[in-house]
Amino acid sequence: MQRGLVVGGLGLALAIGLAGTASAQTVGADLAVQSAYFWRGASLSNKPVLEPDLYFTVGHKLTFTAGGWSNIEIGKYDNAQNDISEGGGTASFNLTEFDWWGEFNLPVGLATLTAGATGYIYPNDAGYTKANNTVEVYGKIALGVPLSPKLAAWYDVDKIKGLYVEASVGLPVHLTPVLPLQLGVLAGFSAGQQCDSGDIFTGCGNGWNFQDNGLTHIDLSAALPISAGPISLTPNVHGIITNDAFTKISKPTKLDAGFKFLVGVTVSWSHTYGAAKE
């Protein structure tokens, strides 16, 4: 994780510089309750989870945002036939993952450019452990045009040293002036995060996220944000069309699921301090 400390330190130093030149600062928090934890189409927990997130943003046109996100398994998911547990099913209300992240965002015409880094920390002694800790750097481009196309790429610089790419589009459907239903389609692709020897059931060497390179999954989503002042409530549903052998696993005894379903709700809050300077 030394690379992660260096990247995080550089980001913090630049953020301090931004804070000194711009007065706008935003603090926000999210809390999601999900029926499962899917990561890039793969089932890391197939039972309900809590996912809190805390972040802050500084800057004006060029902004820096840093935050921390966690996954918490609500129950003790230790049924060998039915349960997938990121923490190995050792405890209930178990913190199984903490991700730190930091990114810069810059609007350029109709595009928003993003560059950042994230570190994955697994604190348990079973399931995903510190041996899985790693760091990724990433870049994104989002266009403010119809369908809101977005392209994002993450490169693992620590354990796996491979690329993962996502392409997505979105469509707002205004049910009423204050109820914008958000429909989305996302496709994920592995370009170097595949199993490098054998297969995911018999052993993959030092690090991997997928069995093969290529299309990993397609995520069909719908979300309905409902706002009340600084607080919003967003119910959401996802349908995952799986393609990679790892994303097809839905429970220990079902290794070939072609479709998986997730439902959840996120409560969000944010507050901006000061006024941005031109």
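The values are calculated or read from the model by the stated rules, or taken from the named source; none is laboratory data. Here the structure is a predicted model, which is why all the values come from computation and not from measurement. All Cβ positions, even for glycine, are placed from backbone atoms using ideal geometry, and neighbour counts span all protein chains on display. The accessibility values were calculated without ligands, DNA or RNA, using every heavy atom of the protein model including side chains. Shrake-Rupley method; radii C 1.70, N 1.55, O 1.52, S 1.80 Å.
Here are some notes:
- Of the solvent-accessible surface of the stretch 185-260, computed with a 1.4 Å probe over protein heavy atoms with every protein chain present, carbon and sulfur atoms account for 60 percent.
- Between the C-alpha center of the stretch 134-203 and that of the stretch 211-236 there is a gap of 12 Å.
- Global dimensions of the stretch 226-278 from alpha-carbon coordinates: Rg and Dmax equal 19.0, 58 Å.
- Using every pair of distinct Cα positions in the chain, the Kirkwood expression returns a hydrodynamic radius of 20.0 angstrom.
- Reference-scaled alpha-carbon Rg (2.2 N^0.38 Å with N residues) for the stretch 159-274: 1.36
- Degrees separating the helix 2-21 axis from the principal Cα axis of the chain, which is the longest one: 20
- Under 16 Å from Lys76, Cα to Cα: lysines that are on another chain or at least 8 residues apart: Lys47, Lys251
- Cross-link reach is defined here as a Cα-Cα straight distance under 16 Å, omitting same-chain residues fewer than 8 places apart; for Lys150 the lysines meeting it are Lys140.
- Cβ-Cβ FRET estimate between Val178 and Lys251, R0 fixed at 30 Å, reported to 0.05: 0.15
- Longest to shortest principal axis, alpha-carbon extents of the stretch 123-163, angstrom: 46, 18, 11
- Cut-off 12 Å between beta-carbons: net charge of the residues surrounding Ile72, Lys and Arg +1, Asp and Glu -1: -4
- MRE, 222 nm, helices only [DSSP H, n ≥ 4, -39500 (n - 2.57), over the chain, to nearest 500]: -2500 deg cm²/dmol
- Each 5 Å bin, from zero up to the one with the longest distance, holds this percent of the alpha carbon pairs of the stretch 25-174: 2, 9, 14, 17, 19, 17, 11, 7, 3, 1, 0.
- Solvent-accessible area per residue for the chain (1.4 angstrom probe, square angstrom): 49
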